[in-house]
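Okay, handing you the structure first.
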Amino acid sequence: MNSNRCFTNAIAVAALSVAGAGATAAESLTVVSWGGSYARACVEGYHKAFTAETGIEIKLEDYNGGLAEVRAQVEAGAVNWDVVDVELADGVRGCDEGLFKVFDPATLPPGADGSSAEDDYYPGAITECGANTLYYSTVYAYNAEKIPGEKPTTMEDFFDLERFPGRRGMRRSPVVNLEFALLGDGVPADEVYALLDTEAGIERAFAKLDTIKDEVVWWEAGAQPPQMLADGEVTMSTAYNGRIFNAQVLEKQPFVIVWDGQVLDTGFIAILEGAPNAEAAQRFVEFAARPSSMAGVARYISYSPTRHSAEPLITTHAETGVEMGPHMPNSPENAKRALQNDWQWWSDNRDDMNERFAAWLAR
């Protein structure tokens, strides 16, 4: 949290010293995102460039996802956030509820190769309220120094307390945990959501989670799993792949990502309905949609762009020179047994699953 304040202060100083094109130094907007190494990648990857070009100061705040805070602001008519970085399912649902401004695809910049935005984006990446900015995945990882001998390699291993004893870290949310539970119970990836569409499938997922519940340490912020692994608080933890990557390359942590069963997801930057700085927010969203901005983020954290023409711009990690391709979640090698998050299923079932998960936790 303190590191993000430092970045925010640095941006504020830059904004006051740069004569931005078509903006005064007093202009600003509030951007809400996921904190930690991801926020840092965004700041270095394109926030600073946006401020330098426009003179608009970015006030960066953290949250842990969901729509509760967005809904409260919009319904109260007291909106103080301008844009928020949302998971796809939340973004689509928030759009349906009127929480986010409807998006005009015509505002998207062309590809780095001159192609149209429509042709440059991956299929399905442009939604009614925004265009997806990156692909990331939830994986699980372990500290190689804490597991002697045989190493875990499959999602089934995450749930095997006999062969791999020790505590497990998991996000305090039903999202991904239900999918991991079924994958860990031997369900093929292409059958997971069809099974979750049945009461028997949901019960099976919770039953599998029951098998490790007493050994789970719950996390909420993406920065927690790497710390938990480093401290030895857990033997394995689910985590966002980019957070583990940064711990590997920047902190030299002996972490290993298990890509088997990863849940591949994406998200976009949405403008809140009633945003106090809507014009600046629109400029920010358009800037974030540039291939150079997506590549900028991907040179600091291993989240891959949603535009084809952005990929050749990435090459290596900006600080260490590590080749980024092998660390991307959608690379052919890493995606062999990946599950694509079904945002429609979660958009339709999130509230019900949140209630059931909360009741399950309380038992």
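Suppose we filter GLU179, GLU191 for residues that are open to solvent by less than 10 Å² (accessible area, probe 1.4 Å) and either of a type in the set (Asp, Glu) or in a loop (DSSP other than H, G, I, E, B) (or both); which single one remains?
GLU179
Something else about it: Show the residue pairs meeting these rules: Cβ distance below 6 Å; 6+ apart or different chains; first residue within the stretch 32-61 and under 25 Å from THR316 (Cβ atoms) and open to solvent by less than 30 Å² (accessible area, probe 1.4 Å); second residue part of a strand (DSSP E or B) and among the hydrophobic types (A, V, I, L, M, F, W, C).
If the second residue must be part of a strand (DSSP E or B) and among the hydrophobic types (A, V, I, L, M, F, W, C), the pairs left are HIS47/ILE58.
Hey, can you tell me all the residues within the stretch 62-72 that are open to solvent by 20 Å² or more (accessible area, probe 1.4 Å), outside any loop (DSSP other than H, G, I, E, B) and either in contact (Cβ under 8 Å) with a residue 12 or more places away in the chain or of a type outside the set (A, V, I, L, M, F, W, C) (or both)?
Across the stretch 62-72, the qualifying residues are ASP62, GLU69, ARG71.
Somewhere in the stretch 79-87, is a residue within 28 Å of SER302 (Cβ to Cβ) and in contact with an Asp or Glu (Cβ under 8 Å, 6 or more places away or on another chain)?
Yes: one or more hits.
Another question, if that's okay. Could you tell me which residue of the stretch 194-233 is most open to solvent (accessible area, probe 1.4 Å), considering only residues that are part of a strand (DSSP E or B) and in contact with a Gly (Cβ under 6 Å, 6 or more places away or on another chain)?
Step by step, filter the stretch 194-233, then rank; the result is VAL217.
How many residues does the stretch 77-110 contain that are closer than 27 Å to GLN340 by Cα and either open to solvent by less than 50 Å² (accessible area, probe 1.4 Å) or part of a helix (DSSP H, G or I) (or both)?
Of the residues in that region, 21 qualify.
Also, I was wondering about something else. Among the hydrophobic types (A, V, I, L, M, F, W, C), within 14 Å of MET170 (Cα to Cα) and more than 14 Å from the chain's Cα centre (by Cα): is that true of VAL258 in this structure?
no
Residues that are open to solvent by 50 Å² or more (accessible area, probe 1.4 Å), under 27 Å from VAL32 (Cα atoms), in a helix (DSSP H, G or I) and modelled with pLDDT of 95 or more: does the stretch 294-307 have at least one? Let's see the steps before the verdict.
Initially, the stretch 294-307 is screened for residues open to solvent by 50 Å² or more (accessible area, probe 1.4 Å), giving 299.
Next cut, under 27 Å from VAL32 (Cα atoms) only: 299.
Of the ones still in play, those that are also in a helix (DSSP H, G or I) are none.
Checked against the condition, which is being open to solvent by 50 Å² or more (accessible area, probe 1.4 Å), under 27 Å from VAL32 (Cα atoms), in a helix (DSSP H, G or I) and modelled with pLDDT of 95 or more, the stretch 294-307 yields no hits at all.
The values are calculated or read from the model by the stated rules, or taken from the named source; none is laboratory data. Keep in mind that this is a model prediction, so the values were computed, not measured. Quick reminder, even Gly has a Cβ in these numbers, built from the backbone with ideal geometry, and neighbours come from all protein chains shown. Remember, those area values only see protein heavy atoms, side chains included, never the ligands or the DNA or RNA. Shrake-Rupley method; radii C 1.70, N 1.55, O 1.52, S 1.80 Å.
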